[in-house]
Amino acid sequence: MTDIREKLGKLHLYAGDGKGKTTAAAGLAVRASGNGLKVLFVQFLKSGKSAELQQMEKLGISVVSGQPFTKFVFQMNAEEKQESREFFEHRLEEVFNKAAADYDLLVLDEVLGAISTEMVAEERLLELLQSKPGQLEVVVTGRDPSARLIAQSDYYTEMKMHKHPYESEGLGARAGIEY
């Protein structure tokens, strides 16, 4: 029987303005874990309080989330932005090193948001993706991927919102559905 790890090593890109990027990444993480793969699910620019993170941990998926401030980047002063930038740049390096040594699947949830807010350098992400171990599968999520990232990906799925109850009804994010 062939080890499923032999066929790993692809880059998945879930992008777009629609709901579902993190949900798709979480679903893939659960599927991989259910097949015996070791999964590291890492979030950027998120608080770490989403319910799916607790459930993934119960399934044996390693989760890294949270951030130094509870503000959006546009609300931060220069010092807070610098501290956040250092925090997320360190996180990116740390999780690639950890994943390279111990994991089969690495999910970088909302790393594109970290790039667009200048918390992470896209050039460094591209370098890390180029030098990753051959059998490390990687998932990247967020909005507005660059042409270089799209070209480097093996899977590229764009979520496009056509309708959402926030726009039609003013319905805010709901526990269990959006977070």
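Only the coordinates and a few stated rules stand behind these numbers; no lab work does. Here the structure is a predicted model, which means the values were calculated and not measured. Positions of Cβ are backbone-derived with ideal geometry, glycine not excepted, and every protein chain shown enters the neighbour counts.
Just how far, in whole angstrom, is the stretch 1-72 from the stretch 108-179 if you go by their alpha carbon centroids?
12 Å
At R0 = 35 Å, how high is the FRET efficiency between Phe87 and Ile177 if r is their beta carbon distance? Nearest 0.05 is fine.
0.75
Computed over the Cα atoms of the chain, what is the convex hull's projected area averaged over all directions, in nm²?
Seen from a random direction, the Cα hull of the chain projects 10.9 nm² on average.
Order of Glu169, Glu110, Glu89 from fewest to most other C-beta atoms within 10 Å?
Taking fewest neighbouring Cβ atoms as first place, the list is Glu169, Glu89, Glu110.
In vacuum, with every alpha carbon of the stretch 17-97 counted as one equal point scatterer, what does the Debye formula give for log10 I(q)/I(0) at q = 0.11, 0.18, 0.27 Å⁻¹? Two decimals, please.
-0.35, -0.84, -1.28
From the phi angles alone, apply the Karplus equation (6.51, -1.76, 1.60; θ = phi - 60°) to the stretch 34-47 and give each ³J(HN,Hα) in whole Hz, x where the residue is Gly or Pro.
Those phi angles translate into x, 9, x, 7, 8, 10, 10, 10, 10, 10, 10, 6, 10, 6 Hz.
Pairs on different chains or at least eight residues apart, Cα atoms closer than 18 Å: how many lysine pairs in the chain fit?
23
Would you tally the net charge around Glu158, using a Cβ to Cβ cut-off of less than 11 Å, leaving Glu158 out, and scoring K and R as +1, D and E as -1?
+1
Most fluctuating residue of Ala100, Ala25, Ala151 in a GNM of the chain with Cα springs under 10 Å: which is it?
Ala151
What is the spin-label model distance, in nm, from Glu123 to Asn97 if the labels are put 7 Å beyond Cα along the C-beta direction?
With each label placed 7 Å out from Cα toward Cβ, I get 2.2 nm.
Expected output is a single nm value to one decimal: the length gained when fully extending between Leu59 and Thr157, i.e. 0.36 nm times separation in residues minus the C-alpha distance. What is it?
Between Leu59 and Thr157, full extension yields an extra 32.7 nm.
Starting from the amide H of Phe41, placed 1.01 Å from N in the peptide plane, find each other amide H under 5 Å away whose residue is 5 or more places distant or on another chain.
Hits under the 5 Å cutoff: Ser62, Val63, Val64, Val107.
Using a simple spin-label model with points 7 Å from Cα along the Cα→Cβ vector, what separation in nm is obtained for Glu167 and Phe72?
Here the modelled spin labels are 1.7 nm apart.
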